[in-house]
Amino acid sequence: NADLAMYSAKNRGKARYEIFSPAMHNIAMKKLALENQLKRVISKKELVVYYQPIVALKNNLLVGFEALVRWQTSEQKLISPQDFIPLAENIGIIIDIDLWVLREACLQLRFWQEQGLINNPLSVAVNLSTKQFSQPDFIENIDNILAETGLEGQYLKLEITENVLIENAELTREIFKQLQQREIQICLDDFGTGYSSLSYLQNFPINKIKIDRSFISQMDDNDSNPAIVRAMMMIANELNIEVIAEGIETLTQLEFLHLLGCHYVQGYWFSPPQNREKIELWLESFSQN
Ligand code: C2E
Ligand code: CA
Ligand code: CA
Ligand code: CA
């Protein structure tokens with residue numbers, strides 16, 4: 001048996017080696033080219049922010065938007081964040097990308113406020129890479145962006161993943177305190193997909209958790225038991241944390257979430273992420289009724 005294991009391991013190794021030369025080279029070259037392009041996205045003004053509505057389940061009212069970045073290349077191709085955020089994290093440019101998105105989203109919300117397109121306290125939620133939290137000037141950057149755009153902290157929410165809590169617990173705690181002082185809420189994104197234990201929720205001042213789409217899409221067929229989502233809801237309620245469910249695509253999912261007492265929902269069922277112009281048309285159609 002040991003012989004057999006060694007044999008197959010060797011074989012696998014060999015197979016891997018054979019695959020390497022031509023194909024891997026190609027991939028490496030493409031990656032390098034993409035990296036070089038990525039380094040210039042900001043100076044070339046090739047990033048755009050899309051906005052996805054977030055809705056309160058109890059009254060169907062719009063409560064805000066999530067800002068989601070896209071890369072619009074000079075060839076007018078729209079690249080999804082899934083295809084460039086990981087690379088941007090590797091080369092460190094993610095710090096600048098996130099700050100650019102943050103500034104843009106704050107500016108946009110402030111503009112909509114001033115135009116009277118939105119009046120009730122709508123907020124914008126911005127995604128931050130874990131790396132952002134280890135930047136010594138992070139809070140200073142936040143303050144500058146709020147000052148420059150004129151947006152009040154209470155209208156800004158930051159979406160972070162649980163890695164932030166694990167990797168840098170002490171520093172994170174201090175940053176959270178600073179954010180709280182500015183009334184900026186913290187939302188734990190992709191909840192349930194990571195490795196952190198639920199005790200993290202208790203140890204940090206988290207305002208909201210966002211249940212990942214992977215759990216919501218399992219709630220579709222009638223005989224599936226939404227046990228995990230129900231458990232998350234119970235814990236969140238216990239800790240006085242509000243819950244957002246993302247990726248709602250069907251009425252069945254929506255009804256399940258309603259039944260479970262979920263507070264906020266977001267998904268294609270309501271609207272996909274849209275560019276500024278589309279959101280404005282959408283908001284205008286509301287104010288006319
Ligand atoms: P996320 O933060 O979990 O964002 C939710 C993703 O689910 C978005 O994908 C959104 O378009 C998609 N989505 C929303 N509703 C539905 C639905 O009903 N069905 C389906 N199939 N998908 C839905 P997107 O925009 O491609 O973003 C992917 C990920 O990229 C985000 O996941 C987030 O982790 C990251 N990302 C996006 N923008 C930024 C950013 O500015 N900074 C950082 N650091 N990460 C970002
Ligand atoms: Ca998010
Ligand atoms: Ca997610
Ligand atoms: Ca995410």
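The values are calculated or read from the model by the stated rules, or taken from the named source; none is laboratory data. This is a predicted model, so every value here is computed, not measured. Neighbour counts run over all protein chains shown; Cβ positions are idealised from the backbone, glycine included. For the accessible areas, the whole protein counts, side chains as well, though only heavy atoms, and no ligand, DNA or RNA atoms are used. Shrake-Rupley method; radii C 1.70, N 1.55, O 1.52, S 1.80 Å.
The table that follows gives values for the structure above.
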| read-out | value |
| --- | --- |
| Boolean, Tyr200 is more than 16 Å from ligand 2 (Cβ to nearest atom) and within 18 Å of Met233 (Cβ to Cβ) | yes |
| Residue within the range 252-273 that is open to solvent by less than 30 Å² (accessible area, probe 1.4 Å), within 16 Å of ligand 4 (Cβ to nearest atom) and out of contact with any Leu (no Cβ under 8 Å at 6 or more places or on another chain) present | yes |
| The range 44-69, residues that are surrounded by fewer than 20 Cβ atoms within 10 Å (Cβ to Cβ), touching a residue at least 12 places away in the same chain (Cβ under 8 Å) and charged (D, E, K, R) | Lys44, Glu46, Lys58 |
| Residue in the range 202-222 that is within 30 Å of Phe256 (Cα to Cα), more than 16 Å from ligand 4 (Cβ to nearest atom) and touching a residue at least 40 places away in the same chain (Cβ under 8 Å) present | yes |
| The range 25-74, residues that are away from ligand 3 (no atom under 16 Å from the Cβ), outside any loop (DSSP other than H, G, I, E, B), under 24 Å from Ala105 (Cα atoms) and hydrophobic (A, V, I, L, M, F, W, C) | Leu38, Leu47, Val48, Val49, Val55, Ala56, Leu62, Val63, Trp71 |
| Of residues in the range 146-194 being in a helix (DSSP H, G or I) and hydroxyl-bearing (Ser, Thr, Tyr), the one most open to solvent (accessible area, probe 1.4 Å) | Tyr155 |
| Subset of the range 109-134 (residues that are part of a helix (DSSP H, G or I), under 15 Å from Gln154 (Cα atoms) and either open to solvent by less than 30 Å² (accessible area, probe 1.4 Å) or of a type in the set (A, V, I, L, M, F, W, C) (or both)) | Leu109 |
| Selected residue (only one of Ile145, Ile184, Ile166, Ile175 is farther than 19 Å from Ala245 by Cα and touching a Cys at 6+ places or on another chain (Cβ under 7 Å)) | Ile145 |
| Residue tally, condition within 30 Å of Lys31 (Cα to Cα) and open to solvent by 20 Å² or more (accessible area, probe 1.4 Å), over the range 88-108 | 11 |
| Residue count for the range 40-70, restricted to those that are among the aromatic types (Phe, Trp, Tyr) and touching a helix residue (DSSP H, G or I) at 6+ places or on another chain (Cβ under 8 Å) | 2 |
| Enumerated helices (runs of 4 or more DSSP H) restricted to the range 195-289, each holding at least 2 residues that are touching a Gly at 6+ places or on another chain (Cβ under 8 Å) and modelled with pLDDT under 95 | 213-216, 227-238 |
| From Glu277, Glu249, residue being open to solvent by 30 Å² or more (accessible area, probe 1.4 Å), within 16 Å of ligand 3 (Cβ to nearest atom), among the acidic types (Asp, Glu) and at negative phi | Glu249 |
| Flag for Gln178 being at negative phi, away from ligand 3 (no atom under 16 Å from the Cβ) and of a type outside the set (Ser, Thr, Tyr) | yes |
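Residues checked against (1) closer than 30 Å to His263 by Cα; (2) charged (D, E, K, R):
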site	(1), (2)
Lys44	no, yes
Gln52	yes, no
Asn59	yes, no
Phe65	yes, no
Arg70	yes, yes
Ile85	yes, no
